[in-house]
Amino acid sequence: MKRVYVDMNGVLCNIKKQHLIYKKMLPNQPYPQSQYGFFLDMQPIKDSIESVKKLMDKYDVWILTAPSWQNPMCLAEKNMWIRKYFGIEFTQKIIISSDKSLCKGDYLIDDNKEGRGQDQFEGELILFGSEKYPSWSEVCKYLL
């Protein structure tokens with residue numbers, strides 16, 4: 001079975017919207033992502049939850065996300081977010097790594113093409129939010 005890694009921020013979770021909300025609440029905070037609750041309260045990106053669940057029928061799906069060095073609660077909050085939307089069992093399939101090239105697999109769905117080892121990933125990078133894959137609809141058409 002082929003393996004698919006899915007990034008969280010900007011792919012599953014709307015980090016841009018969350019950043020704007022926290023920046024408005026805390027205008028003097030240079031790192032809004034450093035605040036307790038930031039990662040836990042992110043809203044899902046449109047169709048992300050349903051799409052990943054569909055992929056799980058055909059692929060070995062893992063969450064591959066980078067940590068926030070500004071927020072030590074990031075790890076726990078990301079775990080709780082996955083638990084909320086996918087169930088406790090799926091928390092066993094979370095990988096938190098600053099270098100995504102360390103993971104072996106067939107596909108990486110990420111909104112960045114570099115910066116966390118995406119450009120060195122051995123499989124195919126599906127650049128979420130790009131012209132080719134602007135939304136989950138196009139990602140699913142390609143993979144399913």
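Residue count for the range 8-23 satisfying the condition of being open to solvent by 10 Å² or more (accessible area, probe 1.4 Å) and within 16 Å of Asp99 (Cα to Cα): 1. What residue, among those in the range 47-68 that are under 16 Å from Lys2 (Cβ atoms) and acidic (Asp, Glu), is nearest to the chain's Cα centre (by Cα)? Selected residue: Asp60. Only one of the numbered conditions (1) open to solvent by less than 20 Å² (accessible area, probe 1.4 Å); (2) in contact with a Lys or Arg (Cβ under 8 Å, 6 or more places away or on another chain) is violated by Trp62, and that is (1).
Mind checking which residues of the range 24-34 are in contact (Cβ under 8 Å) with a residue 12 or more places away in the chain and open to solvent by 90 Å² or more (accessible area, probe 1.4 Å)? Spell out how you get there, then give the answer.
Here is the first cut: in the range 24-34, the residues in contact (Cβ under 8 Å) with a residue 12 or more places away in the chain are 31-34.
Hit for the range 24-34 is Tyr31, nothing else.
Of all residues in the range 126-143, those that are open to solvent by less than 60 Å² (accessible area, probe 1.4 Å) and touching a strand residue (DSSP E or B) at 6+ places or on another chain (Cβ under 8 Å) total 6.
When you check Ile82 against the structure, is it in contact with a strand residue (DSSP E or B) (Cβ under 7 Å, 6 or more places away or on another chain) and closer than 24 Å to Lys132 by Cβ, yes or no? Explain how you work it out, then say what you get.
Values: in contact with a strand residue (DSSP E or B) (Cβ under 7 Å, 6 or more places away or on another chain): yes; closer than 24 Å to Lys132 by Cβ: no.
Judged against the criteria, Ile82 is not a match.
The values are calculated or read from the model by the stated rules, or taken from the named source; none is laboratory data. Since the model is a prediction, treat every value here as computed from it, not as a measurement. A quick note on method: Cβ atoms are made from the backbone with ideal geometry, for glycine too, and the neighbour counts reach across all protein chains shown. Keep in mind that these areas ignore ligands, DNA and RNA; they rest on the heavy atoms of the full protein, side chains included. Shrake-Rupley method; radii C 1.70, N 1.55, O 1.52, S 1.80 Å.
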